[in-house]
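Quick notes on the structure that follows.
FYI, it's all coordinate maths here, none of it is from the lab. Predicted model, so just to flag it, every value in this text is computed and none were measured. Every residue, glycine among them, receives a Cβ derived from its backbone with ideal geometry; neighbour counts consider all protein chains shown.
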């Protein structure tokens, strides 16, 4: 029986076997470019998505496990943010994405899917995290180019922007 | 010319549409590539049309032969073109590297995109501008010296009338020889060079629109995985198949084994099925030959028979050592380290009886084309290689291996194949930065002047036959020929100091008896600096002189002094002898300074660290890094590069080490190959020493060696103990503190 999942607010019918990790469904069947393979072991955060707003490693999550849940990928973050903030329409980018751009943080940028997804989750729970809280929350995400300092700055910047937007 | 161009479009288009990449490639950047893509390259470097095209809409495409690896060169090279052509950044674009389209500027090695590629792009642009002005002069009926250009619009100074570049040539070829002789603009006329122009790849990278290699899919393709022993063995021995039980994957739909000699892979229509098949396939490998394990490898390297070469010789070192009041000897060990790209390498190949199209993340499309042709048994001109950026590679990771493997899988399966290495393939079969044994002897006179210096280094070089080729064609392993970066570096080993008596000896080990080797960002330089900068620092200590001042006394070259001063200034360096405040407190702090390079630029760093004497944990709190890379085209990019280098150098000094037992590598994931994460990441303070009037040189590697030295010296400052081996793991630190 075909499985139905909700990804970025759209219902999608899936033909992959139910034990297929969500990552392969998102990349191959739904052709999304946010989540991407890094280790297949939930050690690096490359494949992260939000499942009901909680950062989840799609490389070790069977697609059947999200059948009644809402999956948000990097591509869906602006709309997810708009829904949270009750904005009339989705911005072009989530404030975290804009902040990463403003800080010129990315080098190869491959890990930025996970970085942005995780930082968005963090700011949805803690509007103004300290440096230590950011480091702790983000510690499951590796950046091999070593852009951690700029990512921290970007999360702080996004936090300030979001506080301003809320006012 | 019109007909020819239509034919180009037709044949180029047919080739790609036949492979149906529509929807995979961003349309805009491919328009020109298709027009040019019909014939195997490299295009003639002596033609202006090879380097750029001006379009009817008053924009231009620059054909660049260097790969965007995350360093930002795809932005910086366009800044150079924009200034010479008097165009705005928004009017310029570049295309994907493609052996049918882009010029061969050599591989993207040695952080030399700007150094080697910049002058070609600059002079080609200048020559195109001169040609455009000549046309404009006729069109506007005005002498050349009265013409001015802004954003591609030529106007007459003090006159009327103007014409756009696009109206002068509008997509037609220049048909002009590139003579490399047109005068380039003086520095005073730069508008974009020297400015931190925002990177052009960033918006798509943060929104998920950027097409990484790992995203490329083609119709009717299979997914493939390689099947190899977990963790490479002695390079020369490869891996030998004894038996494959194909029934072990029979339950997986559509999965099948493909094999050529000892090259084994699986293919399946669904990616997860290929992943499962590779894991479940029962395969017996011949027992590997014995290796020294990670604990005894250095001793074996030091005692092995080596090919020795004196790579530097000045004065009479023995006489100088004899009379010197201060002498020190430092013997150090540096580990095998991995490129460990965050996303394992990936390639998509479509190999037919007489052609191959391979998309991959190589640093050198033409070099990879040559090796693919050899592996697939095709003439090089039958092979087309297209570059897609992958995850940062930092040197010769598995991108060639994965390209060859994808080609073989496609050839054997008779269909297009996408191959993504698994984490253990990438870490386990990498071309590692080789392990190193360094012995430094250095001496100073009573005034703190270095009088004698000797560096002897033991290591093997790089492997020249990739694993796929080795296994599929039953080829023995082989040494990568030549290469200064495989030897004791006259630049990093004493080269920055004014030393009258010096001797450098390279002891080369055979790579076939160790692991695969390759260039890893700042190859061997961290080990050289860990040894050499500690020896220099120790002379300062013995002479009772502040280590920064000691270096100032012994450096003559103003550019070395410039970066040294820049790093010290950024760190607010206050004069003090090293290890002056050593205590028995649990947490002790220290600061250290170091200089270093890779090839042409100048790097200096200061480290501020904290050592927990009870747990052995070392943390870098602040790292300051300065680079003089001559004319820095995009200081924003270079600041980012310095920051990345400081963090990656700290990662390599504190965590990174390939582990192995007596048969194979055992570092196969992020828990067995640890790297820097957020929790212990230092704050970084980059300084760009801008010298617009000097030739540009590399800026992606130079500060790593300096940082390695600075960290080691900070450890001595904190503890009074010299570390002899990195990474500075808690166990190693505790052992060193205990034995001191």
* So, how do all the Cα-to-Cα distances of the range B:137-283 break down into 10 Å bins, in percent, from 0 on up? -> 8, 19, 17, 13, 11, 15, 12, 5, 0
* Asked: What FRET efficiency would be calculated for the residue pair residue B:56, residue B:146, taking the C-beta separation as r and a Förster radius of 22 Å, to the nearest 0.05?
  -> 0.30
* Counting only DSSP beta bridges with both residues in the protein assembly as shown, what percent are antiparallel, rounded to the nearest 5? -> 75
* Relative contact order, percent, the range B:559-648 [alpha-carbon distance under 8 Å, six or more residues apart] -> 27
* the range B:405-495, Rg to Rh (Cα coordinates; Rh as Kirkwood inverse mean 1/r) -> 1.23
* **MRE, 222 nm, helices only [DSSP H, n ≥ 4, -39500 (n - 2.57), over chain A, to nearest 500]** => -10500 deg cm²/dmol
* Structure fact -> Assertion target for B:271, B:381, ordered by fewest C-beta neighbours within 10 angstrom first, is B:381, B:271
* Least to most buried among B:525, B:401, B:262, B:293 (fewest other Cβ within 10 Å first) -> B:293, B:262, B:401, B:525
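What is the calculated FRET efficiency for residue B:240 to residue B:280, with r their C-beta to C-beta distance and R₀ = 25 Å, to the nearest 0.05?
0.75
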* To do: At 7 Å along the Cα-to-beta-carbon direction for both residue B:662 and residue B:46, put a label point, then send me their distance in nm to one decimal.
  => 6.2
* Rel. contact order, % - alpha carbon contacts under 8 angstrom, at least six apart, the range B:345-481 -> 23
* So between residue B:694 and residue B:251, what do we pick up on full extension, going 0.36 nm a residue minus the alpha carbon distance? -> 153.0 nm
* To do: Specify, per residue and in Å³, the volume enclosed by the convex hull of the alpha carbon atoms belonging to chain B.
  => 161
* Using R₀ = 60 Å, calculate the FRET efficiency as 1/(1 + (r/R₀)^6) where r is the Cβ-Cβ separation of residue A:126 and residue B:135; round to 0.05. => 0.45
* Give me the orientation-averaged projected area of the Cα convex hull of the range B:326-386, in nm², one decimal. => 7.4
* Per-residue [θ]222 nm for chain B (sum of -39500 (n - 2.57) over DSSP H runs n ≥ 4, rounded to 500) -> -9500 deg cm²/dmol
* Relative compactness, chain A, computed as alpha-carbon Rg over 2.2 N^0.38 Å -> 1.01
* To do: Note down the nm distance, to one decimal, between modelled labels 7 Å out along Cα→Cβ at residue B:585 and at residue B:300.
  => 4.4
* Label-zone membership for the range B:590-622, site residue B:739, 7 angstrom Cα→C-beta point, backbone N under 18 Å -> B:616-617
* So how far apart, in nm, are the two label points at residue A:65 and residue B:353 if each is 7 Å from Cα heading toward Cβ? -> 4.9
* Dividing the convex hull volume of the alpha carbon atoms of the protein assembly as shown by its residue count, what do you get in Å³ per residue? -> 177
* If you build a Gaussian network model of chain A, linking Cα atoms that sit under 10 Å apart, which residue out of A:35, A:95, A:18 swings the most? -> A:18
* Structure fact -> Semi-axes a, b, c in Å (a largest) for the range B:516-568, each sqrt of 5 times a Cα gyration tensor eigenvalue, come to 25, 16, 8
* Given the Cα-Cα distance of residue B:319 and residue B:679 and 0.36 nm per residue of separation, how much length would full extension add, in nm? -> 124.6 nm
* Structure fact -> Dividing the mean separation of Cα pairs under 8 Å (6+ apart) by the residue count of chain B yields a relative contact order in percent of 14
